[in-house]
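Everything on this sheet refers to the single structure shown next.
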Amino acid sequence: MDKKILQLAEENDISSLIKTLNAVEEEEVTKMIANKALRGKGDPVAFVRAILIGSPPDDTTCISRRLKVYKFCINMLQKNEMNNKQASDLVGLLMLEAGSLPGPSIGELTFMYVDAVKNGSTQCGKALELFPILLSVMAVQENISYGGSHLSGAEYKSHTLNTLCSCKWDAKHVIHLAAMFRDVPLTSDELKFVIEKVLRQFKELDLQDLPAFVYQILLLSSKGHKRKVLEGIISHFVEMDKIHKPSQQQECSEDLLDDEQSNVETLRHTEGTVILHISFAVMQDQELGKEYVKILKGNQQNSAGKIMVPFNFALALSLSRIHRFEDQLFDILKSTVQRSLKDAERQSQSFWVRELVPESCDIRSCVLETVQNSKYGWDHVVQGLVQLGFLLMDTFGPKSAFGKVDVTTPQGGPNHESCKLGAEILLNTFKAHEMVRSEILEQIINRVITKATSPVSHFLRLLGDTVYAAPQLILESTTKMHGMFDYLSYLSPMSAEGLLTAIQPLLKLSVSLRDSLILVLRKSMFSRQLDARKIGVSGFLMMLKHFRVIGGLPSSQASQAAISSSQVQVDIHARYNPSSNEALCLEILGNLRRCLTQQADVRLLLYQGLFDVLCRNTQLQTAILEILLAQLKKYYESGENINPPLKLEPCIQAQGDQVYLCEPLAHLLCCVHLCLDKVKDIQVKQRENGVDDDDNEPSSAQTELEDMMESLIERMIESEMEDFELDKSADFSVANSVGVKNNIFAILVLSAYEVLMEFTFTVRQYNESGCQQVLRLFENYHKLSGVLKEKVAAAAGKRGGKASTKAPHSLLSISFVTAILQALISDKVPSHQSSLEPLRHNVDFIKYLLSVAQQKITQVQEKGECDGAEGQNKTKLFKYLSTIGSLLLTYYSRNQKKEDAKGSRTKQILTQCLEGLVSIVNIITSRYPENICQFLKEQNDEEAEEDIEKPKEDLISHHITKFQKLVINILTADEDDQNLKEASCLLNMISILVCQLPANSPSYEQVHHWVHKLCTEQTIDDLSICKLLLSTLLSMTQKIRSTPSLLRDLCQDIHSQLGDIDKEIVLEDKTHFALVTNRSAAPTVLLPVLHHIDQELDNTEWVISHVKADTLAASDSNSRSGDEHVNLTQREDYEKSICTRLGILITAFHELVQSTIPIGNCTDILLKLATRLYGTVTSLVKYYLTMYAQRCGHLSARFEKLVKLSGTHLTQYCYALINYIQASESEQLQQAADKPKKKKDNKKKDKKGSATFNAAKSNVMKQTRTIPNLIFAIEQYERYLIQLSKKSKVDLMEHMKLSTSRDFRINVAVLENMDGDSSEDSQGSEEDEVNEIPEVRADSHNETGSENSDDEDRENQMPPNKKARMDEQEKTAEDAPKMKENLLSRSRLSTKAGKTQEK
């Protein structure tokens, strides 16, 4: 039978074929198909084609048979029992014939598919390829009747899709179903419904299946709803990261940990593949990339943390490889990093912001986690990481100002943190990925070399870290290192020194690199450029420090050096033998001898470095001492009876009329002293260690230098100023060469005295004769210093200027300053007391030591290091600073209550102690925050020994309490005994220490209460203390509670003390804070209040923008489930808080704008802040306009009250303030202009008067900018209020009075005076006309109806002839412009804002 059917089909005998098929049962037909398809007894496709040809769709029997064939073929295809070729051919045939199926048959077939999906019986083979064709045919049907329902084809298709997507899908079929929907014609709503269903299947799939699934979804997204697809993929993998993150930290058995680690690795590899799929999809469809950029920009406004989660961050970096999106994506990532860090800082500073907006994710941990994840084959992300790292460092690194930058100053804030994060990205990427190491190194070197005028310290630190992390890998790029050395001499000395320090470990590993550097340094030594010579000296000194000659005493400093680990590494590996190191060091010393004939700066660098070399490389002591001896002999008078003992003339050099220093003799003496002291220390330690050889004996150079120093001490004590030709009759003017020479000589002698004082005290220890010598040396120093100061002051007085109070840098080392202060303040050894007593009683000596200590402390505070020995060692600096701080506090506590402390000199010493202690506390908290506990423990006095073991918070609280008691003692003392400078220092320390306490701690609350009580109850005349107390109170309040209420109270106090601009109003002289007085109200209290109001407005604007972005994001997402009500309630709470805050600030401004604030800077700032306040309220109005546009919100009652408050309490008073400011300025300008007229004979007074006039004029010009800005802000606020009133159907303008024209103002009084002078002879009708012109007060916002009625009454009372003339003038269009021009020529132009009003 089957052969007959095939034959009839081939012969195209349709009628016979139909008859034959009608004679055969349907079951028999399906058996024939099965025999051919499953048992290989023929071609099933040809047989099915013959059956379909013999079953035309116009016969019921044929339709039934056709349907039966379709069903059987579909079942057969679903079971995957045919080979692929036959299955494909069969599906193609069924697709071609599907269009001839009637509607009911199509409906039955589609529901057959739906049932198969429901039951999970489908194998998702070739059968699914037919389903989209069936749905396409269904969609074009006009009417389909199936299952008792009659629907159009499109409706039936939607019903089928709805049924299919509503049932549960087997995980095995999800990918095939997702692929199937690509070929289904879908409307936008249907596609959205399908995509939502498909995205929900993420959780049902295994990790291995996700990449294929994502691939199918991305293909499906080509139909539309790309944003939803991307958001669904990203959110799923973010959730997966959250699931696997905590499990890594749980304590489990080893098997569980292995499984978990395996899952994490699988997830990372899956994420990498998915990111690749998305990248390829974006390359093919750039609209997908545009949607992704929109997603990032939307999240950037409300939740930057969503962008920086590891998966999303990695995806953005991968897509940045596409040139079209590169700049956009890096700009978004860069700004997101910056925004996140700024937001974190804002939240840490403001309690209100922290309460309203919860803290987002830690951006640093997210970024570094992405770097770690990139190890799992994410090569497509690595290049983006490198680019982003350098972008952050380039954008947010330290910047130079006026060509200079202090790179050693501790930096903080978002910019510094962003730069630091960029360096961490690069360092971790360098460690993790070999493929980019060469590129990272090359870019670092390029930036160091090319940015000669910009600071490169951050790149040098990164280079040092990379060298330390992988020195062997960097040595593979030795060609680049050799090339870098060629540019070494062109760098700045500071950059070159940092570069040499960074690459120093490589010199131990590569002989060729070391030899190349030596050659470059040697060339630099012969360069004409001073900076190149300094680089050569620095490089050679660095090599001497680190190529230690074996056999010397291990240096205690070596373990504390910044690159000590490389030293240990080299010693272990014994890279070089001692003889080679020794030969190298001696060769370098030979090169350095050339420096002794070069400029003073080069010699100075050598003298400062030789001591450090000796500390690190002890075996070079003899060679170093010989160099110093030969140099010192040039300037030393060998005759014992010759005074002075130093030759100063060879130390200077004259070139024409200019005299300059060529030999820093004092630094040479300082180097000799330090080296001798170090050599003695080395010899003592060698004896203690039992080392007995010839090296322990003093060398001839050492002995000779010691004798010379002893002789210098004796002879310098005996030398008088006249011996140096530096007596009072000497010329110290810098205007001529003689005066310059004398100044240089004086500084050299003073520095020599300092060096000899330190040498004497160090060598003699506590010997009585030694202390006497120190005292006599100081007396000579003090005498010469006094003469120099007197001469400088006299010269400055002649020039009409002030004398420079900046003292030259002292050559005393910080170790000596610490030691001698310790001896004078805390030494209690009985045998030392008689020696130290003369020093203790010399007040000038104590003051001098404290001033030197303050100088060293200031240097550390500014640069992180100080001059002199051990000034660059951070560990020792901390030790010395802690000791000095403890000594200063001890001295102050001991002498504060003594009777002799009432003297002015003793008070000055105590103030010096506290100023030094404040600086030290500031240094410790900023540069050594990790050591603050250790510092505070050392500050405990003898009475508080039991407090040493307290935790950090208790230690800080203990010291704050101690300082609080001292402050109260000062404030409650008699007026004659009060030293308010001491109180200021103590309050400074309290304000610094309280920042180290947690804001939610009881100790912090206690300090806040104390400061608040002090401000409330104490009336303090010292304005600096008032400002400090108030700033501390406001800053502390901002961290723990809402500040506007406090600001409002302060504004009320300012108003009550300054008075009202309306002189008829009498205010009650009562304040909330006793600190606010008539003297301190402005500007002392006003400026900090305005500053904090500015901060509050800034925070309020930020919260408004954040809430607005959150609301828009919520309205864009269509997930309106149960949490919508929660979001709405939360948003209403936000709005309530914002409105309350702005209402309080408006009340505060209501007080300020009525106060008689001094004209000038205060009013300028006040007007700017009022402008900003209107801008902030306007942004809130725009927020509500957005809510109405999105139909997701409504006005709150609190906002309506806020608008009413702004109309009744602010706007009209702002216009009154403007009138007051302009009237006051006009008066000042008039007074300034009148003064020179009265005193024309006195030229100086004329100049002074003109300066006053110019200052007043400049203030007026400032107001021409600030006042129009304020008026414009008011008008913009009213404009948007009108729009919001229309949207909300609420009359928000009920309490707002529209502003009047402010183009010009006619001053009637001036017009009357001018016209009165010009018309003395004839007082006719013209004078009457001018006098009767009504006053146009453009700047008066409070024009009432009574004023208008007064004008009307005045007009009605005019004589008939005058009234007719006025009417005629108003009606004549040609005369009006002339009238206006005439009036404007006689009046002052006040402001130019608003709308023009002409009468």
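Using a 1.4 Å probe on the protein heavy atoms, what percent of the accessible area of region 930-1065 belongs to carbon and sulfur? Please list the in-between numbers first.
Numbers: 2830 of 6150 Å².
Roughly 46 percent of what the probe reaches on region 930-1065 is carbon or sulfur.
Given a 1.4 Å probe and every protein chain left where it sits, what share in percent of the accessible area of region 64-156 is carbon and sulfur?
49
How far apart, in nm, are two points set 7 Å out from the Cα along the Cα-to-Cβ line at E239 and at S893?
6.1
Run the accessible area of region 582-664 with a 1.4 Å probe and give the carbon-and-sulfur part as a rounded percent.
Carbon-and-sulfur percentage of accessible area, whole number: 47.
Given a cut-off of 29 Å, name the pairs among K68/K118; K172/K228; K680/K863; K294/K1201; K226/K1136; K242/K420 whose C-alpha atoms lie farther apart than that in the structure shown.
K680/K863; K294/K1201; K226/K1136
Could you order the peptides 180-191, 1175-1186, 639-650 from most to least packed, using the average number of other C-beta atoms within 10 Å per residue? Provide the component values of the computation, followed by the final result.
Numbers: 180-191: 17.2, 1175-1186: 19.8, 639-650: 14.6.
For the peptides 180-191, 1175-1186, 639-650, the packing ranking is 1175-1186, 180-191, 639-650.
Taking 7 Å along the Cα-to-C-beta vector as the label spot, tell me the N641-S1226 distance in nanometres, rounded to one decimal.
9.0
With contacts defined as alpha carbon pairs under 8 Å and 6 or more residues apart, what's the relative contact order of region 904-1021 in percent? Numbers along the way, then the final one.
Details: 75 pairs, mean separation 33.2, N = 118.
Relative contact order for region 904-1021 comes out at 28 percent.
Need the full-extension length gain, A735 to E439, defined as separation in residues times 0.36 nm minus the C-alpha distance. One decimal, nm.
Details: separation 296, 0.36 × 296 = 106.56 nm, distance 5.56 nm.
Gain on extension, A735 to E439, equals 101.0 nm.
Provide the per residue accessible area, probe 1.4 Å, for region 1016-1096, rounded to a whole number of square angstrom.
Normalised by residue count, the accessible surface of region 1016-1096 is 42 Å².
Compute the FRET efficiency between S15 and S152 as 1/(1 + (r/R0)^6), taking r as their Cβ-Cβ distance and R0 = 22 Å, and round to the nearest 0.05.
0.05
Which residues does a label at V140 reach in region 153-184, if reach means a backbone N under 20 Å from a point 7 Å past the Cα toward the Cβ?
Flagged as within label range: 153-161, 181-184.
Using a 10 Å cut-off on Cβ atoms, rank the peptides 584-597, 426-439 from the highest mean neighbour count down.
Sorting 584-597, 426-439 by mean packing, highest first, produces 426-439, 584-597.
With a point put 7 Å past each Cα toward its Cβ, work out how far N22 is from K633 in nm, to one decimal.
13.8
So if we plug the beta-carbon distance of D331 and Q1283 into 1/(1 + (r/R0)^6) with R0 = 25 Å, what FRET efficiency do we get, rounded to 0.05?
On the way: r = 33 Å, r/R0 = 1.30.
So, using R0 = 25 Å, E works out to roughly 0.15.
Set the Förster distance to 60 Å, then compute FRET efficiency between Q208 and K783 from the Cβ-Cβ distance, nearest 0.05.
0.10
Using Cα-only point scatterers and the Debye equation, what is log10 of I(q)/I(0) for region 337-479 at each q in 0.16, 0.17, 0.18 Å⁻¹, rounded to two decimals?
Values, matching the q order: -0.90, -0.99, -1.07.
Determine the gain in length on full extension of the stretch D362-K728; use 0.36 nm per residue of separation and subtract their C-alpha separation, reporting nm with one decimal. Spell out each step's value before the answer.
Working: separation 366, 0.36 × 366 = 131.76 nm, distance 6.63 nm.
Taking D362 through K728 to full extension adds about 125.1 nm, to one decimal.
How far is the Cα center of region 132-196 from the Cα center of region 598-645, in Å?
First find each Cα centre; the distance between them is then 95 Å.
By per-residue mean of other Cβ atoms within 10 Å, what is the highest-first order of 1061-1070, 993-1002, 865-874?
Ranking the peptides 1061-1070, 993-1002, 865-874 by packing returns 865-874, 993-1002, 1061-1070.
The values are calculated or read from the model by the stated rules, or taken from the named source; none is laboratory data. Because the structure is predicted, anything quoted here is derived from the model rather than measured. Reconstructed Cβ throughout: ideal geometry from the backbone, glycine too, with neighbour counts over all protein chains shown. Each accessible area value is taken on the protein alone, full model and side chains, heavy atoms only, with ligands, DNA and RNA left out. Shrake-Rupley method; radii C 1.70, N 1.55, O 1.52, S 1.80 Å.
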